[in-house]
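Visitor: Please read through the structure below; I'll follow up with questions.
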Amino acid sequence: MGTLRPDELGGTPESDERGATHGPGGPGRGTGRRALLGAAVLGAGGAVLGLPGAAAAAQGGGAGRHRGGLASLPAPTVIGHRGASGYRPEHTFGSYELALDLGAHVVEAGDLVPTRDGHLVCRHEPEIGGTTDVADHPEFAGRRTTKTLDGVPTTGWFTEDFTLAELKRLRAVERIPANRPHNTLFDGRWGIPTFEEVLKWQDEQTRRRGRQVWIYPETKHPTYFRALGLGLEERVAKLLREHGKDRRDSPVILQSFEPTSIQRLNRLVDNPLVVLLSDAGSRPYDFVATGDPRTVADLITPEGLKEIASYAQGIGPTLDLIVPKDAGGDLTAPSALVRDAHAAGLILHPYTVRPENPFLPPKLRKGAAKDAYGDVFSLYRAYFETGIDGLFTDTADLGLLAREDFLNHRS
């Protein structure tokens, strides 16, 4: 995007403003996949790594014991957020490959948005003014426009106004240069990947590295794109089927801020599914679109979590839902969300840990520089101690070090 969101300017963690509508999930299928994912991510961590505490205890609550597939993932799982976006421009093959080099267990590749001719590409948002060099292309100056995206007027260039061939002429740039000036060194080095290219890249990296590479793509703004005749879920399912990655043991976890997108995917594929959750007072956009008055606070009650568990296997809450902050932005006591989600048979992969000062609680900052690192290891520890099953991080290497410290301390 052309301007920085509040979470990028300092003080609060990322809280994407997406959403979801309510609808029935596919009967029977969700429960089986939930048991598999719960056993895999929780059970692998407890059995293989000796994970103690709440995460290990959750193995016994509703999650059966299965082998293979997701059971290969350790817990807590370290997920490379948009790759290694702390070190490279996000959603590029440079970022994805570095995340693997750093040891990420799973790579978020990528946020899926469509082109005008129906291809899926990996961008954080459909507006690409802040993540590509499109503004430097005079031939595309006339494409700049203002649209209402999930109820918010947004000005810039949008993927749905470009063909894939046109987008392939663009190059990726760093999205938050004020916080990551070192990443601007790589501006222009990589282009925009398609989801099909990511699926082929996943196979190539699996062969080259001798271990299964996992990816964690997200459907972005599904309600918005469906209204444009560019439904995401069918396109995702078609590509997964073509590449033989639409099964419950496939190394592809699908996520969305809109529950109806997850419900639709639940009817199309057998992949593990995760509902993303923004701050408690927000309403998923498809709730807004259909007049559903519920907020995220309603979804994280025991009843709301039980409903999610009927069609999904996990939730991806913003970190503030795991450990709320006080008026000054510092951490308070953990909420009951981890306990309640585990009781419903759901795993939790909250987002996103970033090491730079503006993204840390004030007490953990070091100095005032926007690009300086604070005490991020204390932050990781606070979240791991709640019993979460994994987390998204822009710096997988730091997440893995913190994870090692946590496991050694608890053993």
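None of the figures in this text is laboratory data; all of them are computed from the coordinates on show. Everything quoted here is computed from the prediction, not taken from an experiment. Neighbour counts run over all protein chains shown; Cβ positions are idealised from the backbone, glycine included.
Visitor: Could you sort the peptides 314-322, 111-119 by per-residue average Cβ neighbour count (10 Å cutoff), highest mean leading?
Guide: The most tightly packed comes first, giving 314-322, 111-119.
Visitor: If contacts are Cα pairs under 8 angstrom and at least 6 residues apart, what is the relative contact order of segment 192-343 in percent?
Guide: Computed over segment 192-343, the figure is 17 percent.
Visitor: Give me, ordered by chain and number, the residues 5 or more places off ALA109 or on other chains with an amide H under 5 Å from its own placed amide H.
Guide: The list, which skips near neighbours in sequence, is TYR216.
Visitor: Please tell me which of these pairs span more than 31 angstrom C-alpha to C-alpha: LYS220/LYS325; LYS220/LYS245; LYS220/LYS306; LYS220/LYS363; LYS168/LYS306; LYS147/LYS325?
Guide: As for pairs spanning more than 31 Å Cα to Cα, those are LYS220/LYS363; LYS168/LYS306; LYS147/LYS325.
Visitor: Ok, one more. Along its three principal axes, how long is segment 205-343 when you only count alpha carbons? Whole Å, largest extent first please.
Guide: 48, 40, 27
Visitor: Say the dipole of segment 105-155 comes from +1 at the beta carbon of Lys and Arg and -1 at that of Asp and Glu; which of ALA141, HIS119, THR131 then lies farthest toward its positive end?
Guide: My answer, from the dipole projection, is ALA141.
Visitor: Considering amide H positions built from the backbone, and no H for Pro or chain starts, which residues 5 or more places from LEU277, or on another chain, come under 5 Å of its amide H?
Guide: Under 5 Å from the amide H of LEU277: GLY316, THR318.
Visitor: Sticking with this structure for a sec: Given H placed 1.01 Å from N in the peptide plane, which residues other than close sequence neighbours of VAL121 have an amide H under 5 Å from its amide H?
Guide: For VAL121, whose amide H was placed from the backbone, the distant partners under 5 Å are VAL113, THR115, PHE195.
Visitor: Through the Karplus equation 6.51 cos²θ - 1.76 cosθ + 1.60, θ set to phi - 60°, convert the phi angles of segment 297-303 into ³J(HN,Hα) values in whole Hz; use x for Gly and Pro.
Guide: Once rounded to whole Hz, the list reads 4, 6, 6, 9, 6, x, 5.
Visitor: Report the label-to-label distance for LYS325 and THR148 in nanometres (one decimal), using points 7 Å from each Cα along the Cα→Cβ vector.
Guide: About 3.1 nm separates the two model spin labels.
Visitor: Is segment 103-143 best put as rounded, prolate or oblate by its Cα gyration tensor, with a ≥ b ≥ c the root eigenvalues, rounded for a/c under 1.5, and otherwise prolate when a/b is larger than b/c, oblate when not?
Guide: Here segment 103-143 falls in the oblate category.
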